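Just below is one structure, and these are the notes that go with it.
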Amino acid sequence: MNKTSKLVKISLVAALYIVSTIALGQFSYFGPIGFRISEILNFLAFVDPFYIISLTLGCAIANFYSFSIVDVFVGSFATLLATYAMWKTKNMAVAIIWPVFGTIFVDLELYILYKTPFLYTFFMQAIGELFVMVIGYFIFKNILKNKALVNKLKIKPYNNKVDEM
């Protein structure tokens, strides 16, 4: 893949993350349980580490529309760690835990900046993240089973991870 194709791919995934996060803002940012539907895209990093940069960049830009500029750095760092861990995990069902644990960073941010009760905030955010990731698991599992769709979307599984689901 040439440099232009790589840049386009990075940009498209980042843009999809940004648009879906902002468009669904009421679910993504507000309330005790956040359902950031764009987190489903994290499964792209499970398949190919190439997408880690797209997802981290998308999260950083989307977080400019959140509650704090600090979240741009904290949230995107959490995404970077979670997507990297997802890539390193061999089983897609197990990979779900990394974004769920990644909410700890944002929960600490909320605790430090706004004195929110840490355990309550973690529990509520973890529920939302787990819900979204479980839905994403089933979506991606079905997508990756469909070889014609995988070829059409030009998803290139890294190290044959699709066979290890």
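With an 8 Å cut-off on Cα pairs and a minimum separation of 6 or more residues, tell me the relative contact order of the chain in percent.
Relative contact order comes out at 24 percent.
Starting from the Cα of residue 141, draw a straight line to each of the lysines and keep only those under 17 Å, dropping any in the same chain fewer than 8 residues away.
Residue 141 reaches 90, 152, 154, 156, 161.
Which residue, 113, 57, 81, has the most motion in a Gaussian network model of the chain that connects Cα atoms within less than 10 Å?
113
Which one, [x] 35; [y] 54; [z] 50, gives percent of Cα pairs over 23 Å apart as derived from the coordinates shown?
It is the one labelled [x].
How would you order 59-68, 44-53, 8-17 from highest to lowest mean count of nearby Cβ atoms within 10 Å?
44-53, 59-68, 8-17
Only helices at least 24 Å long along their own axis, judged from Cα atoms, and with Kyte-Doolittle mean hydropathy of -1.0 or greater: name those in the chain from DSSP H.
3-23, 70-88, 97-114, 118-145
Since every read-out is calculated from the coordinates, none of them should be taken as a lab result. Keep in mind the model is a prediction, meaning the values are calculated, not measured. Positions of Cβ are backbone-derived with ideal geometry, glycine not excepted, and every protein chain shown enters the neighbour counts.
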